[in-house]
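Everything below concerns the one structure shown next.
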Amino acid sequence: MDKQFEERSIMIIAVVAILTIFFGIGGVPLLDPDEPVYAETAREMLLEGDLLSPRIFGNYWYDKPPMYYWLVALAQTIFGDNEFAARFPAGLMAFATSMMMYFSVTKLFNERAGFWSSIILTTSVEFFYLGKAAVTDSTLLFFMTASILSFLHKKYWLMYVFMAFATLTKGPIGIVFPGTIIFLYLLFMGQIYKILEMHVIRGMLLYFLIAGPWYYAMYTVHGMEFINTFLGFHNVTRFTTPEHASRVTIWYYFPVLIVGLFPWISLLPQAVYAALSDSRIDDMRNLIFMHIWLGFVFLFFTICQTKLVSYILPMYPPLAIVIGWSISHMITKQRHNTTYTGWAISALAMFILIGVGFIIGGQQLPELELGGMVLGAITIIIGVGIAVFLIMFKDVQLAAGLHAIMGIVIMIVAFGFLLPEVAPRFSMKEMAAYYMENAEQDVPLYVDKFLRPGMMYYAHRHGKEMLPQTGAFAEALRDGSRKYIMVRGLEYRRLQKTNSAKYNLTVVKENSDIFLLEQK
């Protein structure tokens, strides 16, 4: 491999990753309800001087293991208690994943495949969005991906280490996913005997030595309450019982994948076909592994009753690798005209579809109407450009480069212009500041569950929780005593449909469909 070419590739990947992941990472308030949870939990652990037990609202919190809380607590110690510190660990792990993809895929296939796999992953919408978010997903992605790739490189001790770190990030999934994917691959290839080469007994001992102490310490301190809540509710119950009943559909993750893998989704069918029909033996083995990897993740979360957009992030590395290999294959081999025409047509159709989606989506909120139209127009124009370059010039690298540029453009427009405009609708920062400056602090406060973490993070007041869509809002008002209520417009309008006048409510402040009410 040409050393200068390799150094240039590394530089390009690093610059693209830094831009897509860290641009605007601290410029948007923490978005409810998830981001403030992680920032507030890390802060309370620091304030209590207890880095063992996650806590929020002054109570122990058994939702997740401590890895991301520890990383945020470290970032808060270095950078201060702010949005950048809350999101920096996620961004750092996303950046590390991008770089790891290049080096790993280069060894598995070739340098071009490594370069494009990393670029595809880094410029995919779901990857850079979650890489900027103060949630656990990109941290889990790094450790889980590292463990699986370690297996492919026969670095078995590293595989167990990364499995342990993944388990400290999000629980049993950290070993169940890599272990199941590896087992299914060996079973499919008729190579189960290779398990004997993986130092399983000593490897599992190493795994438990790293992952086990925190779990043992938590059980020692908190007993069965920790086991029942963490393993019982947050793992088993979420798999078997829907947290959001409206999302329990067999097709839920199909639109998520189309948008999340944009702008590369149009290359996926062709890449899958080429990987299975036009690859060399050595490449095919690795590509079969990638298909088992992505297929298992997609099937598992399709069966899982609780569904969230972020759950399928672990399938993006194998998707990027399959598409990256396909682009490398097209560059190094002379292709038929039908290959370029098929890519051009599918890319144009997908870019027009997503472009129109941006335009229509922007019209749903007044703040986004102009930005949605601009982003939609840019998307359609770039889609046309890709089709032209492919059909007229058959320039694979330039067409792929335009896909990457599209991903960067979406990121800049979204985080530089659109999200700052709509952030007040999804963040408590402005309303919490108004409450602290204008409300009487000794008057009881009731807060919608959805808004409570942001209220705690920005105002250090969590109030009494009101569960949405349960009648909790009306119940809180029945005693007629004076109180403040922080609630979303959806809940306020639901109450107004009943005989709300009897509650003597006054709107103190309304900001982007979040209401501060007072009952006198």
Mind listing just one residue for me: the one in the range 195-218 that is touching a helix residue (DSSP H, G or I) at 6+ places or on another chain (Cβ under 6 Å) and open to solvent by 30 Å² or more (accessible area, probe 1.4 Å) and, of those, nearest to C304 (Cα to Cα)?
I210
Taking the criterion of being part of a strand (DSSP E or B), open to solvent by less than 20 Å² (accessible area, probe 1.4 Å) and among the polar types (S, T, N, Q), would at least one residue in the range 498-519 satisfy it?
yes
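Each row is one residue, and each column tells you yes or no for (1) within 28 Å of G454 (Cβ to Cβ); (2) open to solvent by 20 Å² or more (accessible area, probe 1.4 Å).
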residue	(1), (2)
G58	yes, yes
W61	yes, yes
P65	yes, no
V72	yes, no
G91	yes, no
M99	no, yes
K107	no, yes
I405 passes all but one of the listed conditions (1) open to solvent by 20 Å² or more (accessible area, probe 1.4 Å); (2) touching a residue at least 24 places away in the same chain (Cβ under 8 Å); the exception is number (2)
Mind listing whichever residues of the range 344-391 are aromatic (F, W, Y) and at pLDDT below 90?
F389
For the range 131-139, does any single residue satisfy the condition of being aliphatic (A, V, I, L, M) and either at positive phi or not in a loop (DSSP other than H, G, I, E, B) (or both)?
no
Quickly run through the range 271-285 and pick out the residues that are modelled with pLDDT of 90 or more and surrounded by fewer than 18 Cβ atoms within 10 Å (Cβ to Cβ).
M284, R285
Yes or no: the range 163-176 includes at least one residue that is over 24 Å from W61 (Cα atoms), at pLDDT 95 or above and open to solvent by 20 Å² or more (accessible area, probe 1.4 Å).
no
Filtering the range 444-465 down to residues that are open to solvent by 10 Å² or more (accessible area, probe 1.4 Å) and outside any helix (DSSP H, G or I) yields P444, Y446, K449, F450, H460, R461, H462, G463, K464, E465
Checking the structure you have, find out if any residue of the range 118-128 is hydroxyl-bearing (S, T, Y), part of a loop (DSSP other than H, G, I, E, B) and out of contact with any strand residue (DSSP E or B) (no Cβ under 8 Å at 6 or more places or on another chain).
yes
For E367, only one of the following conditions fails: (1) open to solvent by less than 10 Å² (accessible area, probe 1.4 Å); (2) of a type in the set (D, E, K, R); (3) assigned to a helix (DSSP H, G or I). What is its number?
(1)
Look through Y207, Y160, Y219, Y193 and report the one residue that is over 27 Å from P66 (Cβ atoms) and either under 29 Å from the mean Cα position of the chain (by Cα) or in a helix (DSSP H, G or I) (or both).
Y193
Residue identified as touching a residue at least 12 places away in the same chain (Cβ under 8 Å), under 30 Å from W325 (Cα atoms), of a type in the set (S, T, N, Q) and open to solvent by less than 10 Å² (accessible area, probe 1.4 Å) among T379, T341:
T379
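The values are calculated or read from the model by the stated rules, or taken from the named source; none is laboratory data. Owing to the predicted nature of the structure, the values given are computational and were not obtained by experimental measurement. We place every Cβ from the backbone using ideal geometry, glycine too, and count neighbours over all the protein chains shown. Surface accessibility is based on the protein's heavy atoms, side chains included, excluding ligands, DNA and RNA. Shrake-Rupley method; radii C 1.70, N 1.55, O 1.52, S 1.80 Å.
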